[in-house]
Amino acid sequence: MISGYGIHSGSRSKVFFHLEDGPIRFYKNNTYIPANLDSVVATPRCTVLGKNNQNIAMVEHLLASLHAHNYWSGLVIEVIGDELPILDGSAKAWFEALGDINLKPKIPQAIILKQGVEYNHLNTAIKAIPAKHSLQVNVDYDHPAIGQQSWRGSHLDYKELQTARTFGFLKEAEALKKAGLARRAELENVIIFDDVGAMQKLRFKNEIVRHKALDATGDFFLLARPLEAKITISRGSHESHIAFLRLLRQSL
Ligand SMILES: [Zn+2]
(Lines give C-alpha, C1' and ligand atoms only; values in the text may rest on other atoms or scores of the structure.)
Protein backbone atom coordinates (compact mmCIF):
# COMPACT_ATOMS: atom_id res chain seq x y z
CA MET A 1 0.00 0.00 0.00
CA ILE A 2 1.19 3.48 -0.81
CA SER A 3 -0.40 6.53 0.73
CA GLY A 4 0.20 10.24 0.75
CA TYR A 5 -1.34 13.52 -0.26
CA GLY A 6 -2.03 14.89 -3.72
CA ILE A 7 -0.01 17.90 -4.78
CA HIS A 8 -2.96 19.63 -6.44
CA SER A 9 -5.95 18.83 -4.21
CA GLY A 10 -3.94 18.47 -1.01
CA SER A 11 -6.16 15.51 -0.07
CA ARG A 12 -4.83 12.14 1.07
CA SER A 13 -5.22 8.93 -0.86
CA LYS A 14 -4.33 5.26 -0.51
CA VAL A 15 -3.31 2.92 -3.32
CA PHE A 16 -3.38 -0.89 -3.24
CA PHE A 17 -2.08 -3.25 -5.92
CA HIS A 18 -4.04 -6.44 -6.65
CA LEU A 19 -2.78 -9.12 -9.00
CA GLU A 20 -5.63 -9.90 -11.38
CA ASP A 21 -5.70 -11.07 -14.98
CA GLY A 22 -6.73 -8.63 -17.66
CA PRO A 23 -5.54 -5.24 -18.82
CA ILE A 24 -4.17 -2.80 -16.26
CA ARG A 25 -7.01 -0.88 -14.68
CA PHE A 26 -7.78 1.33 -11.75
CA TYR A 27 -10.57 0.56 -9.32
CA LYS A 28 -12.41 3.20 -7.34
CA ASN A 29 -15.81 3.07 -5.61
CA ASN A 30 -16.91 -0.14 -7.36
CA THR A 31 -15.85 1.23 -10.74
CA TYR A 32 -13.11 -0.11 -12.98
CA ILE A 33 -11.26 2.57 -14.94
CA PRO A 34 -9.10 1.05 -17.70
CA ALA A 35 -5.62 2.55 -18.02
CA ASN A 36 -6.12 3.65 -21.60
CA LEU A 37 -6.73 6.72 -23.73
CA ASP A 38 -10.51 6.38 -23.61
CA SER A 39 -10.44 6.96 -19.86
CA VAL A 40 -8.73 10.36 -20.04
CA VAL A 41 -11.21 12.96 -18.80
CA ALA A 42 -8.97 16.00 -18.25
CA THR A 43 -5.38 17.24 -18.24
CA PRO A 44 -5.12 20.10 -15.71
CA ARG A 45 -1.32 20.03 -15.17
CA CYS A 46 -1.64 16.28 -14.68
CA THR A 47 -3.50 13.42 -16.33
CA VAL A 48 -6.93 12.50 -14.97
CA LEU A 49 -8.61 9.18 -15.74
CA GLY A 50 -12.23 8.52 -14.96
CA LYS A 51 -15.40 6.62 -15.64
CA ASN A 52 -18.97 7.20 -14.43
CA ASN A 53 -17.82 10.32 -12.58
CA GLN A 54 -15.21 8.37 -10.60
CA ASN A 55 -12.01 10.25 -11.37
CA ILE A 56 -8.41 9.70 -10.39
CA ALA A 57 -5.95 12.54 -10.99
CA MET A 58 -2.18 12.51 -11.31
CA VAL A 59 -1.85 8.98 -12.67
CA GLU A 60 1.14 9.72 -14.91
CA HIS A 61 4.03 8.88 -12.58
CA LEU A 62 2.57 5.50 -11.66
CA LEU A 63 1.87 4.82 -15.37
CA ALA A 64 5.47 5.76 -16.20
CA SER A 65 6.70 3.15 -13.71
CA LEU A 66 4.39 0.52 -15.19
CA HIS A 67 5.79 1.42 -18.62
CA ALA A 68 9.38 1.12 -17.40
CA HIS A 69 8.62 -2.31 -15.89
CA ASN A 70 6.78 -3.41 -19.05
CA TYR A 71 3.71 -4.26 -16.97
CA TRP A 72 0.82 -4.09 -19.43
CA SER A 73 -1.59 -6.50 -17.77
CA GLY A 74 -2.27 -8.48 -14.62
CA LEU A 75 -2.77 -5.61 -12.19
CA VAL A 76 -5.70 -3.79 -10.65
CA ILE A 77 -4.81 -0.55 -8.90
CA GLU A 78 -7.33 0.21 -6.17
CA VAL A 79 -7.47 3.86 -5.21
CA ILE A 80 -9.17 5.38 -2.19
CA GLY A 81 -9.12 9.08 -2.95
CA ASP A 82 -9.24 11.49 -5.86
CA GLU A 83 -5.58 12.12 -6.67
CA LEU A 84 -2.60 9.80 -6.47
CA PRO A 85 0.01 10.80 -3.87
CA ILE A 86 2.78 13.04 -5.14
CA LEU A 87 5.30 11.35 -2.76
CA ASP A 88 8.72 12.92 -3.38
CA GLY A 89 7.62 14.37 -6.74
CA SER A 90 9.19 11.54 -8.70
CA ALA A 91 8.12 8.00 -9.61
CA LYS A 92 10.76 6.38 -7.37
CA ALA A 93 8.35 4.86 -4.80
CA TRP A 94 5.97 3.59 -7.50
CA PHE A 95 8.84 2.02 -9.43
CA GLU A 96 10.19 0.28 -6.33
CA ALA A 97 6.76 -0.92 -5.15
CA LEU A 98 5.99 -2.34 -8.60
CA GLY A 99 9.41 -3.97 -8.64
CA ASP A 100 8.42 -5.86 -5.49
CA ILE A 101 5.38 -7.37 -7.23
CA ASN A 102 6.13 -10.64 -8.87
CA LEU A 103 4.36 -9.84 -12.12
CA LYS A 104 5.63 -11.75 -15.14
CA PRO A 105 5.10 -9.22 -17.89
CA LYS A 106 3.31 -10.46 -20.97
CA ILE A 107 4.27 -7.79 -23.42
CA PRO A 108 1.56 -7.07 -25.98
CA GLN A 109 2.39 -6.71 -29.62
CA ALA A 110 3.79 -3.27 -30.35
CA ILE A 111 1.90 -0.71 -32.38
CA ILE A 112 3.62 -0.38 -35.75
CA LEU A 113 3.03 2.87 -37.57
CA LYS A 114 2.10 2.83 -41.24
CA GLN A 115 3.06 6.47 -41.58
CA GLY A 116 4.45 9.34 -39.56
CA VAL A 117 2.16 11.26 -37.22
CA GLU A 118 2.78 14.87 -36.36
CA TYR A 119 1.14 17.29 -33.95
CA ASN A 120 1.93 20.99 -33.73
CA HIS A 121 0.20 23.46 -31.49
CA LEU A 122 1.59 26.82 -30.38
CA ASN A 123 5.15 26.03 -29.20
CA THR A 124 4.63 22.31 -29.00
CA ALA A 125 5.77 19.80 -31.62
CA ILE A 126 5.30 16.06 -31.25
CA LYS A 127 5.99 13.48 -33.91
CA ALA A 128 6.37 9.75 -34.34
CA ILE A 129 7.87 8.15 -37.40
CA PRO A 130 8.03 4.44 -38.27
CA ALA A 131 11.34 3.17 -36.85
CA LYS A 132 12.77 1.15 -33.99
CA HIS A 133 11.53 2.55 -30.67
CA SER A 134 13.26 5.63 -29.29
CA LEU A 135 12.12 8.67 -27.38
CA GLN A 136 13.60 12.14 -27.51
CA VAL A 137 12.22 14.88 -25.30
CA ASN A 138 13.27 18.52 -25.60
CA VAL A 139 12.46 21.43 -23.33
CA ASP A 140 13.19 25.10 -23.75
CA TYR A 141 12.40 27.26 -20.73
CA ASP A 142 13.09 30.94 -20.60
CA HIS A 143 14.73 30.53 -17.21
CA PRO A 144 18.45 30.99 -16.45
CA ALA A 145 18.71 27.67 -14.57
CA ILE A 146 16.91 25.53 -17.18
CA GLY A 147 17.08 26.78 -20.79
CA GLN A 148 17.31 24.03 -23.39
CA GLN A 149 17.64 20.41 -22.28
CA SER A 150 17.22 17.12 -24.13
CA TRP A 151 16.86 13.51 -23.12
CA ARG A 152 17.00 10.62 -25.54
CA GLY A 153 16.70 6.94 -24.84
CA SER A 154 15.05 3.65 -25.53
CA HIS A 155 12.56 1.73 -23.42
CA LEU A 156 15.46 0.18 -21.50
CA ASP A 157 16.47 3.66 -20.36
CA TYR A 158 13.07 4.54 -18.90
CA LYS A 159 14.26 3.40 -15.48
CA GLU A 160 16.74 6.27 -15.35
CA LEU A 161 13.80 8.70 -15.45
CA GLN A 162 12.09 7.35 -12.34
CA THR A 163 13.79 9.55 -9.73
CA ALA A 164 13.43 12.85 -11.61
CA ARG A 165 11.08 15.12 -9.70
CA THR A 166 8.28 17.36 -10.83
CA PHE A 167 9.01 21.08 -10.86
CA GLY A 168 7.32 24.44 -10.79
CA PHE A 169 7.98 28.14 -10.70
CA LEU A 170 7.57 30.25 -7.60
CA LYS A 171 6.09 33.10 -9.58
CA GLU A 172 3.28 30.83 -10.82
CA ALA A 173 2.43 29.44 -7.39
CA GLU A 174 -0.16 32.07 -6.48
CA ALA A 175 -2.06 31.73 -9.78
CA LEU A 176 -2.02 27.92 -9.57
CA LYS A 177 -3.37 27.99 -6.02
CA LYS A 178 -6.13 30.36 -7.11
CA ALA A 179 -7.02 27.84 -9.82
CA GLY A 180 -7.27 25.13 -7.16
CA LEU A 181 -3.97 23.51 -8.17
CA ALA A 182 -0.64 22.99 -6.39
CA ARG A 183 -2.31 23.38 -2.98
CA ARG A 184 0.19 21.07 -1.38
CA ALA A 185 3.28 22.05 -3.40
CA GLU A 186 6.20 22.01 -0.97
CA LEU A 187 9.96 21.78 -1.17
CA GLU A 188 9.75 18.08 -0.26
CA ASN A 189 7.59 17.17 -3.28
CA VAL A 190 8.43 19.56 -6.11
CA ILE A 191 11.53 21.35 -7.37
CA ILE A 192 10.70 25.02 -7.07
CA PHE A 193 12.49 27.56 -9.22
CA ASP A 194 12.67 31.18 -8.10
CA ASP A 195 13.82 33.80 -10.61
CA VAL A 196 17.45 32.70 -10.26
CA GLY A 197 17.57 28.97 -9.74
CA ALA A 198 16.24 25.87 -8.03
CA MET A 199 15.51 26.19 -4.33
CA GLN A 200 16.70 22.60 -3.79
CA LYS A 201 19.71 20.64 -4.94
CA LEU A 202 18.95 18.89 -8.23
CA ARG A 203 19.40 15.13 -8.57
CA PHE A 204 20.61 15.50 -12.17
CA LYS A 205 21.75 18.46 -14.20
CA ASN A 206 18.95 17.66 -16.65
CA GLU A 207 16.39 16.63 -14.04
CA ILE A 208 13.77 18.89 -15.66
CA VAL A 209 13.83 17.21 -19.06
CA ARG A 210 14.09 13.80 -17.42
CA HIS A 211 10.87 14.54 -15.56
CA LYS A 212 9.19 15.73 -18.75
CA ALA A 213 10.27 12.45 -20.36
CA LEU A 214 8.87 10.54 -17.37
CA ASP A 215 5.53 12.32 -17.79
CA ALA A 216 5.54 11.48 -21.50
CA THR A 217 6.22 7.77 -20.89
CA GLY A 218 3.33 7.79 -18.41
CA ASP A 219 0.93 9.32 -20.91
CA PHE A 220 2.15 7.10 -23.78
CA PHE A 221 1.43 4.05 -21.60
CA LEU A 222 -2.25 4.88 -22.22
CA LEU A 223 -1.88 3.41 -25.72
CA ALA A 224 -1.93 0.15 -23.71
CA ARG A 225 0.75 -1.30 -26.01
CA PRO A 226 4.36 -0.39 -26.73
CA LEU A 227 4.82 2.02 -29.63
CA GLU A 228 7.46 0.99 -32.13
CA ALA A 229 8.40 4.42 -33.46
CA LYS A 230 10.94 7.19 -33.25
CA ILE A 231 9.15 9.68 -31.00
CA THR A 232 10.22 13.30 -30.62
CA ILE A 233 8.48 15.64 -28.18
CA SER A 234 9.42 19.30 -27.99
CA ARG A 235 7.84 21.43 -25.26
CA GLY A 236 5.18 18.85 -24.52
CA SER A 237 2.46 18.86 -21.88
CA HIS A 238 -0.12 16.33 -20.73
CA GLU A 239 -2.70 18.08 -22.87
CA SER A 240 -0.55 17.88 -26.00
CA HIS A 241 0.56 14.30 -25.31
CA ILE A 242 -3.07 13.17 -25.15
CA ALA A 243 -4.04 15.17 -28.25
CA PHE A 244 -1.12 13.59 -30.12
CA LEU A 245 -1.98 10.06 -28.95
CA ARG A 246 -5.58 10.48 -30.10
CA LEU A 247 -4.31 11.65 -33.48
CA LEU A 248 -1.94 8.71 -33.66
CA ARG A 249 -4.67 6.23 -32.84
CA GLN A 250 -6.88 7.67 -35.59
CA SER A 251 -4.06 7.13 -38.07
CA LEU A 252 -3.74 3.40 -37.36
ZN1 LIG B 1 5.08 14.75 -13.63
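Around the amide H of D88, modelled in the peptide plane, lie the amide H atoms of A93, all under 5 Å away and 5 or more residues distant in sequence or on another chain. If you look at the Cα atoms of the range 43-87, you get an Rg and a Dmax of 11.0, 29 Å. Around the Cα centre of the range 114-252, unit charges on the Cβ atoms of Lys, Arg, Asp and Glu (plus for the first two, minus for the last two) sum to a dipole of about 440 debye.
For the range 192-231, the residue among L227, M199, H211 whose Cα projects farthest onto the positive side of the dipole built from Cβ charges is L227.
Given +1 at the Cβ of Lys and Arg, -1 at the Cβ of Asp and Glu and no other charges, the dipole of the range 2-99 around its Cα centre is 180 debye to the nearest 20. In terms of distances greater than 20 angstrom between alpha carbons, the cross-link table entries K127/K230; K92/K212; K159/K205; K28/K177 yield K28/K177.
Helical content of the chain, expressed as a calculated mean residue ellipticity at 222 nm, amounts to -6500 deg cm²/dmol (DSSP H runs of 4 or more residues, -39,500 (n - 2.57) each, divided by residue number, nearest 500). Element breakdown for the chain at a 1.4 angstrom probe: carbon and sulfur atoms account for 50% of the accessible area.
Summed over the residues of the chain and divided among them, the accessible surface reaches 48 Å² per residue at a probe radius of 1.4 Å. Counting only protein chain heavy atoms and rolling a 1.4 Å probe, the accessible areas of R249, R45 rank, largest first, as R45, R249. Counting heavy atoms of the protein chains alone, D219 has an accessible area of about 0 Å² for a 1.4 Å probe.
Over all pairs of different C-alpha atoms, the chain has a mean inverse distance whose reciprocal, the Kirkwood radius, equals 18.3 Å. A simple count of charges around L75, restricted to other residues whose Cβ falls under 14 Å of its Cβ and scoring Lys, Arg +1 and Asp, Glu -1, yields -1.
In this structure Y119 has an accessible area near 40 Å², from a 1.4 Å probe over the protein heavy atoms.
With a simple spin-label model that places each label point 7 Å from the Cα along the Cα-to-Cβ direction, the separation between L247 and D88 comes to 3.6 nm. Radius of gyration (Cα atoms) of the range 132-251, expressed as a multiple of 2.2 N^0.38 Å: 1.12. Around the amide H of T47, modelled in the peptide plane, lie the amide H atoms of M58, V59, E60, all under 5 Å away and 5 or more residues distant in sequence or on another chain. The residues neighbouring I192, those whose beta-carbon lies less than 14 Å from its own, together hold a net charge of -3 under the Lys/Arg +1, Asp/Glu -1 convention. Placing +1 on each Lys and Arg Cβ and -1 on each Asp and Glu Cβ, with no other charges, gives the chain a dipole about its Cα centre of roughly 400 debye. Based on the convex hull around the alpha carbon atoms, the range 158-221 presents an average projected area of 4.9 nm². Rounded to the nearest 10 square angstrom, H67 shows an accessible area of 10 square angstrom against a 1.4 Å probe. For the range 2-99, dividing the convex hull volume of the Cα atoms by the residue count gives 90 Å³ per residue.
The values are calculated or read from the model by the stated rules, or taken from the named source; none is laboratory data. Predicted, not measured: the structure shown is a model, and the values here were computed from it. All Cβ positions, even for glycine, are placed from backbone atoms using ideal geometry, and neighbour counts span all protein chains on display. The protein model used for the area step is the full one, side chains on, heavy atoms only, and it has no ligands, DNA or RNA in it. Shrake-Rupley method; radii C 1.70, N 1.55, O 1.52, S 1.80 Å.
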